[in-house]
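Read the figures in this text as sums done on the coordinates, not as results from a lab. The shown structure was predicted, so the numbers you read here are calculated from the model rather than taken from an experiment. Methodologically, a virtual Cβ is constructed for each residue, glycine included, from the backbone with ideal geometry; neighbour enumeration extends over all protein chains shown.
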Amino acid sequence: MKPDLTTNLCGIKMSNPVVTASGTSGYGKELSQFYDIGVFGAFTVKSMTIEKREGNPTPRIAECTGGILNSIGIQSQGVRHFIQKDLPLLRQYKVPVIVSIAGLSVDEYPRVATILDQEEGISAIEVNISCPNLEAGGCSFGGDPEISGRIIRAVKSATNLPVIAKLTPNVTDITAIAQSVETCGADAVALINTLGGMAIDIQTRKPKLANIIGGLSGPAIKPIGIKMVWQVYQTVQIPIIGIGGVMTWEDAIEYILAGATAVGVGTALFQDPWVVFDIIEGISEYLEKNGLNRLDDIRGKIKLPETP
Amino acid sequence: MEKIDLRHSASVVSNIRICTDHYRLVLQEDSLPNVILPGQFVNIRIDNREDLILRRPFSVALVKPEKSLFEIVYRVVGKGTSAMTDLQPDDVVDLLGPLGKGFRIPEKATNCLLLGGGCGIAPLWGVADKLYRVNSKMTVMLGFKSSAMVFGEDVFRAYDADTFITTDDGSYGLKGFVSEHLEKVMDQQIDRAYVCGPTPMIRAVTPILKQANVACEISLEAYMGCGFGVCLSCVISVRNGEAIEKQRVCTEGPVFRLEDIAEDHET
């Protein structure tokens, strides 16, 4: 019998634990040309603000060893455009939709959440308090436990949907942020967003990104993500979406062992949009080979060295 | 809705250096040559290099569907293209394609101008091939730094194109930039222009083309993440009626009509 990959993430019933990482799959239109996006456990859309945003100047992307730097800067048509143009397509697929929201001010988050709250076909709201590419907001909110908590509390008041806090790794102690958002009502946490980074072309002496700095993603950041998921798993009771450098099913298993309930895939989709099939199949085979039936059998079950 | 599978495994037929830093990679694959159009591109994965995350996008050059062949020309600029120089006959290349929107080729004979520089010359081979088949008249101008960089001239001549070469240092053909000699050939009755080359060349030729009022399509280069429209790395500003909006070079492009391009590519 095939192992059971069904996953319950703060009430979202998912067929498997693999979700898209926000900002790496748009609003589903492109990937749905290739395959039924219902293959994902849940589909997290790109972050949106209230109003339309142009995003940052180009170049917005630069490859580094084992990773990529980006400074897209939340190019967005705004939440109303999403509801009118993008959400109808997503509703056609039998996939739980997680809508990521961003804000330039603390007040903007609950305003976006209020607009989304009455819409059909949304399973949860992910609160992006960790974008390194926003001129205001973004990381500066997510780096402060008090402000992070305040935003989550405001969004919780604005919606009855489950609320997921997307956390930044660009902090001294991620567990303090995780604890704060849990206290303020977050139903889950997603971590990690990209790490702040920079690269310089030594021939031209110019930064490789027009925005000068950006966010690092890809396999280079996976060990940091694993560490932070493990730390947060020991700190909070709410479920975790583990994100950061998942390229293969082995990476996904590693996150689940560290304590993740679900696993986000992002940069890997740029390289191979079909990789999600291999990841899901690989997770299933791993469980099967180890004589296990459910993801609960491995979630957080790392074998720590015995203390003397 | 019919799903599209862009994944292809192509085998290397040849991978030959054609000038100082450009290589011509000929690939064999059954389906892609039947569907890919001039100006569209493929996104190549660099095999066995876990440090290189992104695929590398290359516009298709000549395509020979009857032999299941297509080719690209690449310039060695970094780790990815350096690794590609190691490709040997029978090696397998993992690629996604066809991607993007190509050049519009009229079905009737026209009088066309083709302007290319560097790697941008290769996609124009495919344009020349299509134009030749409808008996179009072609004038081609290609710009290079010096004689050591010159390639591709013979391909255009084989399609009976009037072909002019410029080199910055005058070591081959006309001395100077394409833009400096363009007006001489523009005197002719040209009604369409196809442009593919480095940004400085595009900037220099666009005012002349605008003044001549010819229908012009330009293939643009951009740093890409995904190549299929999700990452929004490669956007440019494009006119859409009165409005100016961001469009993706990988999806709405890489070929744009000259009059639609806003932003600094323009002048």
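Data for the structure
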quantity: The range A:124-195 versus the range B:122-164: alpha-carbon centroid distance in Å; calculated: 56
quantity: Modelled FRET efficiency - R0 51 Å, B:Lys184 with A:Gln203, Cβ distances, 0.05 increments; calculated: 0.90
quantity: B:Lys64 paired with B:Ala109, simple spin-label distance in nm, labels 7 Å along Cα-to-beta-carbon; calculated: 2.7
quantity: Efficiency of FRET between B:Asp90 and B:Arg133 - r from beta-carbon atoms, R0 41 angstrom, step 0.05; calculated: 0.85
quantity: In the range A:260-308, GluC sites (Glu not before Pro) in a DSSP loop with at most 12 other beta-carbon atoms within 10 Å; calculated: A:Glu306
quantity: Sparse-neighbourhood loop sites, GluC sites (Glu not before Pro) in the range A:90-126 - DSSP loop, at most 14 other Cβ within 10 angstrom; calculated: A:Glu120
quantity: Residues in the range A:143-162 reached by a label modelled at A:Thr114 [backbone nitrogen below 16 Å; 7 Å Cα→Cβ]; calculated: A:151-161
quantity: Inter-label distance for B:Asp191 and A:Arg80, nm, one decimal - labels placed 7 Å from Cα along Cα-to-Cβ; calculated: 4.5
quantity: Fully extended contour minus Cα-Cα distance, from B:Ala212 to B:Arg239, at 0.36 nm per residue; calculated: 7.7 nm
quantity: 0 to 90° range, to nearest 10: angle between helix B:121-133 axis and chain B longest Cα axis; calculated: 70
quantity: Sites A:Lys227 and B:Arg203 - FRET efficiency at Förster radius 45 Å, r taken between beta-carbons, to 0.05; calculated: 0.40
quantity: Over chain B: helical MRE at 222 nm, DSSP H runs n ≥ 4 each giving -39500 (n - 2.57), nearest 500; calculated: -5500 deg cm²/dmol
quantity: Net charge, B:Phe144 excluded, C-beta distance under 10 Å - Lys, Arg +1, Asp, Glu -1; calculated: -2
quantity: Net charge contributed by nearby residues that have their C-beta within less than 12 Å of B:Val42 (K/R +1, D/E -1); calculated: +1
quantity: Cross-link pairs A:Lys156/A:Lys301; B:Lys130/B:Lys246; A:Lys13/A:Lys156; A:Lys85/A:Lys166; A:Lys166/A:Lys227; A:Lys29/A:Lys166 - those with Cα-Cα distance over 27 Å; calculated: A:Lys156/A:Lys301; B:Lys130/B:Lys246
